1. Cβ contacts < 6 Å: first residue free of Cβ contacts under 8 Å to residues at least 60 places away in the same chain, restricted to segment 75-95; second residue in a helix (DSSP H, G or I), any location; separation 6+ or different chain. Result?
2. Output the residue which, of all residues in segment 156-169 that are surrounded by 17 or more Cβ atoms within 10 Å (Cβ to Cβ) and not basic (Lys, Arg), is farthest from THR87 (Cα to Cα).
3. Which residue pairs have Cβ atoms under 9 Å apart, sit 6 or more places apart or on different chains, and have a first residue in segment 34-48 that is within 12 Å of LEU253 (Cβ to Cβ) and without any contact (Cβ under 8 Å) to a residue 60 or more places away in the chain and a second that is of a type in the set (Gly, Ala, Ser) and buried (at least 19 other Cβ atoms within 10 Å of the Cβ)?
4. Looking at ASP121, ASP114, which one is acidic (Asp, Glu) and crowded, with 17+ Cβ neighbours inside 10 Å?
5. Among the residues of segment 159-198, how many are without any contact (Cβ under 8 Å) to a residue 12 or more places away in the chain, closer than 23 Å to ALA52 by Cα and not hydrophobic (A, V, I, L, M, F, W, C)?
6. Please go through segment 112-137 and give me each residue that is farther than 30 Å from PRO199 by Cα and touching a Ser or Thr at 6+ places or on another chain (Cβ under 9 Å), ordered by number.
7. Any idea which residue in segment 1-33 is surrounded by the fewest Cβ atoms within 10 Å (Cβ to Cβ), counting only those that are assigned to a loop (DSSP other than H, G, I, E, B) and touching a residue at least 60 places away in the same chain (Cβ under 8 Å)?
Amino acid sequence: MTDFDLPAYLSRIRLAPVPVTAAGLHQLQQAQLRAIPFENIDPFLGRTPDLAPRALAAKLLHAGRGGYCFELNALFGAALRACGFETRRLLARVRNGRPTAGSRSHVALMVTLDGRRYLADAGFGGPGPLVPLLIDTDAAQSAPNGTYRFRTDPVTGERLLQRDTPEGPFILYGFDEAHVSEADIEAANHLCATWEKMPFRNNLLLSGFDGTTRIGAFNRMRTRDAGGGLDKQELTTPTDLTTLLTRDLGLRLDPATLTALWDRLGVT
């Protein structure tokens, strides 16, 4: 993303300029997660997200919208580089608890700082870590929303990000260090937005964080996790959906979009 408007970004995430340190990296990731929620409204309504820099700025910085990983981490990566951080993209295979994974359908970021490499991800939603994690250690790492670890898959050689749960390790995704081109991102974005076997075309996925509580939804099931367990509540009316989107997640959506979302949810 060229000619990045850092003042507009910092205003959007309500943060002052940060130093190029581990603390600054943590501040940026948490501030973006608090301010810009994960949402796949465009793919759910049949639109492929536009990843052009101006389109991303218009949507995420000025129109009060969120996005999914290709949008959120493109914005996050551009902001990190504008602040002076060294970054590179990682194209990951999502597992979400499965023993094997499919295509490379998630983009995350590697940040190298003082010789240490961090996974920085503001675009996974749901169970994703709320803070950057050190990649080159298998030790447990604490985040506000859980304990995470990395391990290496003996078959693929990928680094696997896993979260500790009462049922055992839950693998979120795996990645390697292959070069990621713009064409790779464009193809993965198109696949995720249009292929019926991906979750984004046929399900509404939402996730936000207010600093203490993770709020989200899968279709009509609203979720809330303040650290004491997951509370679930069904969205039964259009007003329920509007309240979640506009009040709880802070999205700015016009009435036509809200109506289209509710109508679409009626057939999921």
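The values are calculated or read from the model by the stated rules, or taken from the named source; none is laboratory data. Given the structure is predicted, the values throughout are model-derived calculations rather than measurements. Here the Cβ is made from the backbone with ideal geometry for all residues, glycine too, and neighbour counts use every protein chain on show.
1. If the second residue must be in a helix (DSSP H, G or I), the pairs left are PHE76/GLN32; THR87/GLY77; THR87/LEU80; THR87/ARG81.
2. Of segment 156-169, the ones surrounded by 17 or more Cβ atoms within 10 Å (Cβ to Cβ) are 158-163.
Of the ones still in play, those that are also not basic (Lys, Arg) are 158, 160-162.
Working: GLU158: 19, LEU160: 19, LEU161: 18, GLN162: 22 Å.
The qualifying residue farthest from THR87 (Cα to Cα) is GLN162.
3. none
4. The conditions single out ASP121.
5. 3
6. Passing the criteria: THR112, LEU113, ASP114.
7. Per the stated criteria, the residue is PRO17.
Condition check ((1) among the hydroxyl-bearing types (Ser, Thr, Tyr); (2) over 18 Å from THR21 (Cβ atoms); (3) touching a helix residue (DSSP H, G or I) at 6+ places or on another chain (Cβ under 8 Å); (4) modelled with pLDDT of 95 or more) across all residues:
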residue	(1), (2), (3), (4)
ARG88	no, yes, no, yes
LEU91	no, yes, yes, yes
ASN96	no, yes, no, no
ALA101	no, yes, no, no
ALA108	no, yes, yes, yes
GLY115	no, no, no, yes
TYR118	yes, no, yes, yes
ASP136	no, yes, no, yes
